[in-house]
Amino acid sequence: TDTTQTPAMTDGFHLVIDALKHNDIDTIFGLVGIPITDLCRLAQAQGMRFIGFRHEQHAGNAAAIAGYITQKPGICMTVSAPGFLNGLTALANATTNCFPMILISGSSEREIVDLQQGDYEEMDQLNAAKPYCKASYRINRAEDIGIGIARAIRAAVSGRPGGVYLDLPAQLLAQTLDAEKGRKSLVKVVDPVPRQLPAPESVQRALDLLKSAKKPLILLGKGAAYAQADADIRAFVENSGIPYLPMSMAKGLLPDTHAQSASAARSFVLAEADVVVLIGARLNWLLSHGKGKTWGSVPKQFIQIDISPTEIDSNVPIAAPLIGDIGSCVSALLKGIETNGHSKPDAAWTGAIYERKDKNLTKMAATLDLNPSPMNFHSALRAIRDILKTRPDINVVNEGANTLDYARSIIDMYEPRKRFDSGTWGIMGIGMGYAIGAAVISGKPVVAIEGDSAFGFSGMELETICRYDLPIVTIVFNNNGVYKGTDPNLNPNNANDVPVTSFVKGARYDKMIEAFGGIGYHVTTPAEMTAALSKAIASGKPSLINAVIDPNAGTESGRLTNLNPQSGKK
Ligand SMILES: Cc1ncc(Cc2csc(CCOP(=O)(O)OP(=O)(O)O)c2C)c(N)n1
């Protein structure tokens, strides 16, 4: 009898899965179809967690927030062409926000695509992705899968984190390879995010500038939260005694109730500060590009910590750049203030801030109608705030215009990396994807606070949430429209035309989740909100609270209303 053993073989399907697992990646967010359905089945059969979505953008958003929480790239897997394009929005958003994520898409046969011979879902995905991500790679040979996935992982997390596109032509998956050769081709990424230490002279320059400051301010961006250098960041703020402002996703690095938080006096400190320390915060539109009336007339000098040298001087001159990873830079500053004998800011400065905080909070309280009917953004959010205060472990997702603006200031955060919102791009539609990603990765409950328009972008993922029985409570701020629900019909020829911002009046989003087995609540008062939210969180079940909000409340585009161009001719 023939005693020669036919060599054991592997194939592209198994090598992709082995390569991901070899790099401690255990979860894929995606939507199956040609040519990746069997790849996702095999991944599940090999013990990976596959979370199937209803639209690839939301799978990509889940992968992106998984990357932000874990510092490992979240994986989104899609079919070719239209599926790839749906994922591309999430890849671009991840890159803009510096979240590490890899979009892996199947693609058509190169021979046909490159001659544009009209393949099924034909598209040059590799090049279409390039402008919107950090790196874009294609793997053509099974023996290259190990190095290709390693390359994508390193590109996603190293330096400034971001999105990477990895193109897998369908024919690659079926390619076979000697199993031993395949095993040897796998690559485990070594030290993809090494510490990048700032130059000692850069640290000294920054310390000297800080020492000269009369009105210093620390600005914490989401990069500071991503860095997971929580203890050193908190120690730097507290040991320096410098007031700080958290950008929205940096909330919780120190509790929002912290005495040194200047959030309630934001305009005052931005205008009055003389030295500003930027930690993981870029001087983009969210900070008025570091200039103009937001920053007042007091000349500013910036100390800026960033991993990327070319971020420096992007908008205004930076007096003391610190190039390196945030943990190493903050640790160097912390050591410096301890050895340099840093003196805490003058009481005149900190006292002025306390005074302004007090004045603003008193003024706000005086203007508030505590319990209007119908509810407004404030009254609904105060009820939510008082519940979430008791559960600092709960993840908060937030999007909308007024819903986003008001929740950012009213909902206090107490722990880092617990608030996920529209971020740098101000993108709508992150809600359910971020909620699913946060719930799956953290294993903790999620409360998603959604404008009714914002919710609509990803609302079908309620079925995904119910299918995986995730502890996500979605609160829809229902004011019957985009921003508001009171626009008039402007069509002189049709009395029944629908205003451009209007939705169905009195929509019952709570009935949507019931269609998938979730629990719906309909609330019209803060007391009903309190009861419903408490019950929904306690149940641990997929829930949706339809919160009726006054259609007159809020403003168009929230605090960004001034960005809307106006026609001079009506
Ligand atoms: C992908 C995308 N498409 C459109 C837009 C433009 C926009 C910014 S905010 C918003 C929703 C505002 O309505 P909503 O009811 O959610 O908010 P609220 O005032 O809290 O009641 C839209 C459509 C953005 N930013 N991204």
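The values are calculated or read from the model by the stated rules, or taken from the named source; none is laboratory data. Just so it is clear, the structure is predicted and the values come from calculations on it, not from any experiment. Please note: Cβ atoms are built from the backbone with ideal geometry, for glycine as well, and neighbour counts cover all protein chains shown. What goes into the accessible areas is simple: the full protein's heavy atoms, side chains included, and nothing from ligands, DNA or RNA. Shrake-Rupley method; radii C 1.70, N 1.55, O 1.52, S 1.80 Å.
Worth a mention:
- Top-ranked residue of segment 381-405 - restricted to ones that are within 11 Å of the ligand (Cβ to nearest atom) and assigned to a loop (DSSP other than H, G, I, E, B), ranked as surrounded by the fewest Cβ atoms within 10 Å (Cβ to Cβ): A401
- Total residues in segment 225-251, condition in contact with a strand residue (DSSP E or B) (Cβ under 6 Å, 6 or more places away or on another chain) and either surrounded by fewer than 24 Cβ atoms within 10 Å (Cβ to Cβ) or among the hydrophobic types (A, V, I, L, M, F, W, C) (or both): 6
- Segment 415-451, subset farther than 21 Å from T89 by Cβ and not in a loop (DSSP other than H, G, I, E, B), residue farthest from the ligand (Cβ to nearest atom): S442
- Count of residues meeting criterion [open to solvent by 30 Å² or more (accessible area, probe 1.4 Å), within 15 Å of the ligand (Cβ to nearest atom) and not in a loop (DSSP other than H, G, I, E, B)] in segment 531-570: 6
- Screening S442 on (1) among the polar types (S, T, N, Q); (2) open to solvent by less than 10 Å² (accessible area, probe 1.4 Å); (3) under 27 Å from F50 (Cβ atoms) shows it passes everything except condition (2).
- You will find that of N93, N97, N23, N61, the residue that is modelled with pLDDT of 95 or more, open to solvent by 10 Å² or more (accessible area, probe 1.4 Å) and of a type in the set (S, T, N, Q) is N23 and no other.
- Within segment 472-482, considering residues that are surrounded by fewer than 24 Cβ atoms within 10 Å (Cβ to Cβ) and part of a loop (DSSP other than H, G, I, E, B), the one farthest from the ligand (Cβ to nearest atom): N480
- Residue list for segment 251-275, restricted to those being within 25 Å of the chain's Cα centre (by Cα) and under 12 Å from T294 (Cβ atoms): R266, S267, L270
- Residue list for segment 452-463, restricted to those being within 13 Å of the ligand (Cβ to nearest atom) and among the hydrophobic types (A, V, I, L, M, F, W, C): A454, F455, F457
- Residue count, segment 367-380 (criterion: more than 14 Å from the ligand (Cβ to nearest atom) and either within 15 Å of A547 (Cβ to Cβ) or in contact (Cβ under 8 Å) with a residue 60 or more places away in the chain (or both)): 4
- Every test in (1) closer than 30 Å to A262 by Cβ; (2) of a type outside the set (V, I, T); (3) open to solvent by less than 30 Å² (accessible area, probe 1.4 Å) is passed by A129 save one, and that test is (1).
- F50 falls short of the stated requirement of being modelled with pLDDT of 95 or more, buried (at least 22 other Cβ atoms within 10 Å of the Cβ) and not β-branched (V, I, T).
- Scanning segment 182-218 for residues that are touching an Asp or Glu at 6+ places or on another chain (Cβ under 7 Å) and open to solvent by 80 Å² or more (accessible area, probe 1.4 Å) turns up R195, Q196, K214.
- No other residue among I147, I153, I112, I104 is under 16 Å from L172 (Cα atoms) and surrounded by 23 or more Cβ atoms within 10 Å (Cβ to Cβ) apart from I104.
- Residues being away from the ligand (no atom under 16 Å from the Cβ) and not in a strand (DSSP E or B) - total across segment 96-109: 5
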